[in-house]
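Engineer: Can you read through this structure? Questions will come right after.
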Amino acid sequence: MAVKPQSALRAAVGGPTRHSGWRQVTQALVDDFARVTGDHAFIHTDPGRAAATRFRGTIAHGLLTLSLLTTLLHEAIGHVPGVRMGVNYGFDRIRFIQPVPVGSRIRAAFALIGMEERDAGFFLFTYDVTVEIEGSKRPALAANWLIGRWLE
């Protein structure tokens, strides 16, 4: 008898943390994000002025770091068997703990901490997420991310 996708996914709750690869945060990425969002604060887009601040250079927008979670999740988790479609359901908690300096590398750690059936075939997955900055003891971001998935 084949194992249903729901059973295999439920068994993954509380399993090992999965990590994405390291990704460099470049000034070009930050500038592109500023163009798209209209957030041109000098701390993100003007290396000369930003050098005179306590950050000693430009930093990524917190929301840019948050927006990278989608691609970092796909990298860390890959294809989830039995999923017909998924949607971003939101966040229960987001904390921007430390700024991400431009030029640094980040990665995300994802731990599946919950799975709840909300409707027939629709499940809400809760991930504990931490975005790490290479070489730093403190993370850039910590969140509880909710992802809705329709299972076969």
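The values are calculated or read from the model by the stated rules, or taken from the named source; none is laboratory data. From a predicted model like this one, the values you see are computed outputs, not experimental measurements. We place every Cβ from the backbone using ideal geometry, glycine too, and count neighbours over all the protein chains shown.
Engineer: For G82, which of the numbered conditions (1) in contact (Cβ under 8 Å) with a residue 24 or more places away in the chain; (2) under 20 Å from the mean Cα position of the chain (by Cα) fails to hold?
Structural biologist: For G82, the failing item is (2).
Engineer: Let me ask something else. For residues that are within 20 Å of S20 (Cβ to Cβ) and surrounded by fewer than 18 Cβ atoms within 10 Å (Cβ to Cβ), scanning just region 109-119, find the one that is farthest from the chain's Cα centre (by Cα). Break it down into steps so the answer makes sense when it comes.
Structural biologist: In the first step, residues of region 109-119 are kept if they are within 20 Å of S20 (Cβ to Cβ); the result is 109-113.
Right, trim to surrounded by fewer than 18 Cβ atoms within 10 Å (Cβ to Cβ) and you get 111, 113.
Details: A111: 11, I113: 15 Å.
Checking each candidate, the answer is I113.
Engineer: Counting only residues that are over 27 Å from A51 (Cα atoms), out of contact with any His (no Cβ under 9 Å at 6 or more places or on another chain) and not aromatic (F, W, Y), how many does region 96-129 have?
Structural biologist: Within region 96-129, residues that are over 27 Å from A51 (Cα atoms), out of contact with any His (no Cβ under 9 Å at 6 or more places or on another chain) and not aromatic (F, W, Y) number 15.
Engineer: Condition check: closer than 23 Å to H79 by Cβ, modelled with pLDDT under 95 and basic (K, R). Does R107 satisfy that?
Structural biologist: no
Engineer: For region 58-93, name all the residues that are of a type in the set (D, E, K, R), at pLDDT 95 or above and not in a helix (DSSP H, G or I). Write out each step before concluding.
Structural biologist: From region 58-93, those of a type in the set (D, E, K, R) are 75, 84, 92-93; that's our starting set.
Now restrict to residues that are at pLDDT 95 or above: 75, 92-93.
If the condition is that a residue be of a type in the set (D, E, K, R), at pLDDT 95 or above and not in a helix (DSSP H, G or I), then D92, R93 are the ones that fit.
Engineer: If the requirement is being in contact with a Ser or Thr (Cβ under 8 Å, 6 or more places away or on another chain), in a loop (DSSP other than H, G, I, E, B) and either free of Cβ contacts under 8 Å to residues at least 24 places away in the same chain or surrounded by 12 or more Cβ atoms within 10 Å (Cβ to Cβ) (or both), which of these qualifies: P139, P99?
Structural biologist: Among P139, P99, only P139 is in contact with a Ser or Thr (Cβ under 8 Å, 6 or more places away or on another chain), in a loop (DSSP other than H, G, I, E, B) and either free of Cβ contacts under 8 Å to residues at least 24 places away in the same chain or surrounded by 12 or more Cβ atoms within 10 Å (Cβ to Cβ) (or both).
Engineer: Continuing with this model, one more query. May I ask you to list the residues in region 53-67 that are buried (at least 21 other Cβ atoms within 10 Å of the Cβ) and under 17 Å from T130 (Cβ atoms)?
Structural biologist: A60, T65
Engineer: Being in a loop (DSSP other than H, G, I, E, B) and either within 16 Å of Y89 (Cα to Cα) or more than 11 Å from the chain's Cα centre (by Cα) (or both), is that true of even one residue in region 120-128?
Structural biologist: Yes, some residue in region 120-128 is in a loop (DSSP other than H, G, I, E, B) and either within 16 Å of Y89 (Cα to Cα) or more than 11 Å from the chain's Cα centre (by Cα) (or both).
Engineer: Given (1) in a strand (DSSP E or B); (2) at pLDDT 95 or above, where does E117 come up short, assuming only one miss?
Structural biologist: Answer for E117: the failing condition is (2).
Engineer: Let me ask you something else. Considering only residues that are in contact (Cβ under 8 Å) with a residue 24 or more places away in the chain and either farther than 20 Å from P139 by Cβ or assigned to a strand (DSSP E or B) (or both), which ones fall in region 40-55?
Structural biologist: P47
Engineer: Sticking with this one: Residue by residue through region 102-112, note down the ones that are in a strand (DSSP E or B), touching a Gly at 6+ places or on another chain (Cβ under 7 Å) and among the hydrophobic types (A, V, I, L, M, F, W, C).
Structural biologist: L112
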